1. Taking interchain pairs and intrachain pairs at least six residues apart, which have beta carbon atoms under 6 angstrom, with the first residue in the stretch 261-273 and farther than 19 Å from residue 291 by Cα and the second in a strand (DSSP E or B)?
2. Select from the stretch 243-257 the residues that are in contact (Cβ under 8 Å) with a residue 40 or more places away in the chain and either surrounded by 21 or more Cβ atoms within 10 Å (Cβ to Cβ) or in contact with a helix residue (DSSP H, G or I) (Cβ under 7 Å, 6 or more places away or on another chain) (or both) and list them in ascending order.
3. Output the number of the condition that residue 16 fails; it satisfies all remaining conditions of (1) surrounded by fewer than 20 Cβ atoms within 10 Å (Cβ to Cβ); (2) assigned to a loop (DSSP other than H, G, I, E, B); (3) at pLDDT 90 or above.
4. If you take the residues in the stretch 260-276 that are surrounded by fewer than 21 Cβ atoms within 10 Å (Cβ to Cβ) and either modelled with pLDDT of 95 or more or closer than 22 Å to residue 69 by Cβ (or both), which one is nearest to the chain's Cα centre (by Cα)?
5. Residue 104 is checked against (1) at pLDDT 95 or above; (2) over 24 Å from residue 259 (Cβ atoms); (3) part of a loop (DSSP other than H, G, I, E, B) and fails just one. What number does that condition carry?
6. Please list, ordered by first then second residue, the pairs with beta carbon atoms under 6 Å, 6 or more apart or interchain, first in the stretch 147-158 and at positive phi and modelled with pLDDT under 95, second surrounded by fewer than 20 Cβ atoms within 10 Å (Cβ to Cβ) and assigned to a loop (DSSP other than H, G, I, E, B).
7. Is it true that some residue in the stretch 269-285 is within 20 Å of residue 161 (Cα to Cα) and assigned to a strand (DSSP E or B)?
C-alpha cells in the first residue's frame, strides 16, 4: 500500500519558468538562529536557480518539516523527502502535485533514479516509532516504480554514523546501474551493495577520524568517487586511493558533493553555513557560490534534465 503523497504540499504559485541547465537546491526556511542541539524547525523550501546559481524563484511547503532528499525524474518532476514527517512528495517545477505511487511510509532521506526510471530512496535514520515489515520484506534502502507503485526493500549493512542512529543518509549509483555506494552520516565506512544480486560488497573505503567523516558522495562514469567529509571534500580512484583533497572556505559543515552533468565541475554545500559552491573537479577552483543566509538549511541539489525545458 502506498502513502498519501499530499503529506508534502507546496504553496500555490512561486514556480519560475525552467530552462535547460537550471539547478534546484533544498534550502529549507529554518528558524534562526539555528540550534542544532535543540533540533532544527521550519518550512521546507526548494530554491530554483539558473545554471550559475542565481536564484529565480522558490517553492515552499505548507507544513513544518525540513526537506532532505531531492531528485528530478527523467520526466522532469521534483521528488522530495521529509524524514521528520516520514513523507515523500512529487511535484512539477511549478509546485503542482504529480501522479505518483509511493512505497510504505518510512523516514526517507536521500533520493535518486536508476537508468530505468525507478526511484531509489534511503531510510535516513532511526525513529522511536517502529514500522511493521511488509509483504516485500523490509530494509534500509528501497527501489520503487513511481508509475506502478511496485517496490522492493534491500536489507543493507549500515555504519550508524553520528550517534549510531543514521542509516542510508547519502548514496550514489555506480556506472553499472546496480551497485550503490552509500554512507551513514558522519560515519567511517563507505559501503557498497549490489541490488541486482541482493548482495553486500566489500567496503569501498574507511575514513580515519582525523580525516573527517562520511557525507554526501557521487560516483563518476569512470568509477572515481567524490565525497564531502565534513571538514572538506576529496576525490578517490575507483580502487579507493586518494587522488586529491579540496581546499574549502570553512573548516567544518561540508555535507554534500555532487558532480555536474559533464563531470568537469561539482557542487559542494555547507549545511552549517548555508553556502553552496560550484568547483572545478581537476583544480578545485571556485566557479560559482550562493549564500542563502540561513544556517542548518542546505541539503540536496539537482540539475534539470536535458531536453525537457
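The values are calculated or read from the model by the stated rules, or taken from the named source; none is laboratory data. These numbers were taken from a predicted model, which means no experiment stands behind them. Cβ placement follows ideal geometry from the backbone for every residue including glycine, while neighbour counts extend to all protein chains displayed.
1. 261/303
2. Here is the first cut: in the stretch 243-257, the residues in contact (Cβ under 8 Å) with a residue 40 or more places away in the chain are 244, 255-257.
Matches in the stretch 243-257: 255, 256, 257.
3. (3)
4. Kept after step one, since they are surrounded by fewer than 21 Cβ atoms within 10 Å (Cβ to Cβ), are these residues of the stretch 260-276: 260-265, 272-273.
Remaining after also requiring either modelled with pLDDT of 95 or more or closer than 22 Å to residue 69 by Cβ (or both): 260-261, 263-265, 272-273.
Working: 260: 14, 261: 16, 263: 17, 264: 20, 265: 18, 272: 16, 273: 18 Å.
Taking the candidates together, the pick is 260.
5. (1)
6. 149/2; 149/101
7. At the first step, the residues of the stretch 269-285 found to be within 20 Å of residue 161 (Cα to Cα) are 269-272.
Filter once more, keeping what is assigned to a strand (DSSP E or B): 269-270.
Yes: one or more hits.
Residues checked against (1) over 25 Å from residue 183 (Cβ atoms); (2) free of Cβ contacts under 8 Å to residues at least 12 places away in the same chain; (3) surrounded by fewer than 17 Cβ atoms within 10 Å (Cβ to Cβ); (4) under 17 Å from the mean Cα position of the chain (by Cα):
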| site | (1), (2), (3), (4) |
| --- | --- |
| 34 | no, no, no, no |
| 72 | no, no, no, yes |
| 81 | no, no, no, yes |
| 85 | no, no, no, yes |
| 100 | yes, no, no, no |
